[in-house]
Amino acid sequence: MSTNDLGLSRQLNRLENLTVQLNTRIDLVSGQVASVGQRADETHNELARLIADFQRFVLEARKADNLQNALTNKGTIESRLEYQFGHHKVVRRSAVGVLQGFDVGLLSEETVRSVSEQLMIQNPRYWLAPVLVAMGAWAGDEPDLCDRAIQEAFRRSPGRTSLFMALVLRRQGRRESSVRWLRQYLAAQDPTRLGRHFAVVLECVAQGAFGPAGLAMVQERLEAWQAQLLDDEAMRRAQVDRWRAEVERHVAAPTPERFPRLAALSPQFPAMAEALARAGAHQNLITKYSALAAEEPVVAGQLEDAVDDILDQLVNEYDDEELPLRRDYALNEAIIRHQGDLAAAHQDVPADLAALESTLDYLTIQSESALNPAGIGVSRSTQRMAVAFCHDWFATAHAEFSMSYRQGLPTNVEAVFQSTHNPGARAFQLPRWVGSFTRPLAELEQSLAQHWDRTSQPYLASLGFDWMKQSIIPGIVSAAALVVFTLCLQTVGILLGLAVAVAWFLVLYVRSQTAATRQQEAARFIAKAKHDSILQLRAASAEVIDWSTAFRTADSREPAVRALIEDLSRSGAAASPFERRVAGEADTTGGV
């Protein structure tokens, strides 16, 4: 073999080695590209998790800061309340104590005079201080001093003073005088701007404290106010909205963890979870209000006990000057209760703040007595009576609530599959598939399986080795080499050309085997992904059935709530305490 032949042979061998190395490196780069793509997806997911963790950390830090501020503010407000209004507690404790002390004859006129005058000096603007002076003068038979003290108390707070005197005189058995004070109190009231102390009138009605004559007068006035205010559609709507908010407070948070596959696959699931949570409010309402309906009214054994309880509520009511601080206090308590969550606190606190308004309309007082009895200062008996009064608004709000979540139910529940997989050198993108659970499950499984087969076949085919396409360049090179070698070297050239062709064939064969291996691995991967998706579809279908059962069960309690509201409308009769005795046996017709 000549030197030229040997050189050409070496060049061909070198070309063949370079070709094999190039193919190997191409395969390596393809694998690296796939690996980079997978790592990019992993990095993106990890970054999303880090962002979510950071956002949770920021939210928790804000909540912790809000909680700490609320605790500090609450302590500051408590100190201010004690400093500015703490002395009112002494007057409040003394008022009913003086009456009870007179009952049993344990207080002298001098003691009452001394205590009342000292409290008058210490509380120059508080309405109850001159009332105590009037009580001391009344006991000491000093009508001029008693009149001046009553006039001063009336100037400071006409409503509270009138109501206090009506209750005291009723307690002493002076019915006509009590009714006169009550009539004066009611005549001076604007039903659109009632003081918070009007809740005490409702308490009196619930306890039967004013007697038949007083009760008839109060009920007549309340009915007139009700007819007047209900002519205003905006005011009626405001009460329905208050009761709608009450119903909404009984909605628990949605629980997507009960239906994990459905939550992952169905775009309609958020609406389904919300509807289920809202339907669950029926049972929560039944639990709360059936307990109220089942309670027996607690009636005091004698008139003095009932009136004393009501007087306690009247004198312990916050003064108007105290209300701004009390509202701030309620807001900070709500923030503490919700562990620094401002949104939840502001959603929860409006009921408490409404009860701390300085004036309320009559309808709102009834609603607040029913919804927030502790905040407005009434008993459970008064709450029962107020719920009975508000039952129309309650029923309307509940019906609107039920209609709302039912209208929000999706008409069609679907499963959606769309995902990216990396089974080989190239990623496989499963196109969007949507199936409705109104179709039989077998049809859905068949449709999803066909979707996988139809969309994966081109991908798997692309991973195969195309002999015709891959053989074009090697074939041309081999043919050209054969022609050149044959012309130059004749028989030896033919052999060299054939050697080049065989070398190329071996290279292509190795490539085809590698491609076949990848294709088989990708096929197995996609088959597993297809099987997993069908299992997920079956699980989601089962969860649709579970959700439907849970929703029907929860929603079926709606008629029971309607029946309960109807029962509550008949449970608001006023009590009548047994008037075994009165505190004084003297003149029962005279008055102050």
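The values are calculated or read from the model by the stated rules, or taken from the named source; none is laboratory data. Bear in mind the structure is a predicted one, so any value in this text is a computation, not a measurement. Ideal geometry is used to build each Cβ from the backbone, glycine not excepted, and the neighbour counts take in all protein chains shown. Heads up: the accessible areas ignore ligands, DNA and RNA and are worked out on the full protein's heavy atoms, side chains in. Shrake-Rupley method; radii C 1.70, N 1.55, O 1.52, S 1.80 Å.
Of the residues making up segment 400-415, those that are open to solvent by 20 Å² or more (accessible area, probe 1.4 Å) and either among the polar types (S, T, N, Q) or touching a residue at least 40 places away in the same chain (Cβ under 8 Å) (or both) are 400, 404, 406, 407, 408, 409, 410, 411, 412, 413, 414. Within segment 223-237, the set of residues being surrounded by fewer than 16 Cβ atoms within 10 Å (Cβ to Cβ) and within 29 Å of the chain's Cα centre (by Cα) comprises 233, 234, 237. The residue that is least open to solvent (accessible area, probe 1.4 Å), among those in segment 57-78 that are under 21 Å from the mean Cα position of the chain (by Cα) and in contact (Cβ under 8 Å) with a residue 40 or more places away in the chain, is 70.
Across segment 403-439, the number of residues qualifying as modelled with pLDDT of 80 or more, over 30 Å from residue 561 (Cβ atoms) and under 36 Å from the mean Cα position of the chain (by Cα) comes to 12.
Let's see how each residue does on (1) touching a Phe, Trp or Tyr at 6+ places or on another chain (Cβ under 8 Å); (2) of a type outside the set (Lys, Arg); (3) buried (at least 22 other Cβ atoms within 10 Å of the Cβ):
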| site | (1), (2), (3) |
| --- | --- |
| 174 | no, no, yes |
| 195 | no, yes, no |
| 199 | no, yes, yes |
| 212 | no, yes, no |
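Taking the criterion of being touching a residue at least 24 places away in the same chain (Cβ under 8 Å) and exposed (fewer than 14 other Cβ atoms within 10 Å of the Cβ), the only residue of segment 543-559 that qualifies is 546. Residue count for segment 257-290 under the criterion of being without any contact (Cβ under 8 Å) to a residue 12 or more places away in the chain and within 20 Å of residue 397 (Cβ to Cβ): the result is 1. In segment 551-592, of all residues being within 22 Å of residue 381 (Cβ to Cβ) and either among the hydroxyl-bearing types (Ser, Thr, Tyr) or assigned to a helix (DSSP H, G or I) (or both), the one that is modelled with the lowest pLDDT corresponds to 576. The residues on offer are 120, 135, and the sole one that is part of a helix (DSSP H, G or I), modelled with pLDDT of 80 or more and open to solvent by less than 20 Å² (accessible area, probe 1.4 Å) is 135. Say whether the condition of being open to solvent by less than 20 Å² (accessible area, probe 1.4 Å), modelled with pLDDT of 85 or more and closer than 28 Å to residue 188 by Cβ is met by at least one residue in segment 350-363. Yes; the residues of segment 350-363 include at least one that is open to solvent by less than 20 Å² (accessible area, probe 1.4 Å), modelled with pLDDT of 85 or more and closer than 28 Å to residue 188 by Cβ.
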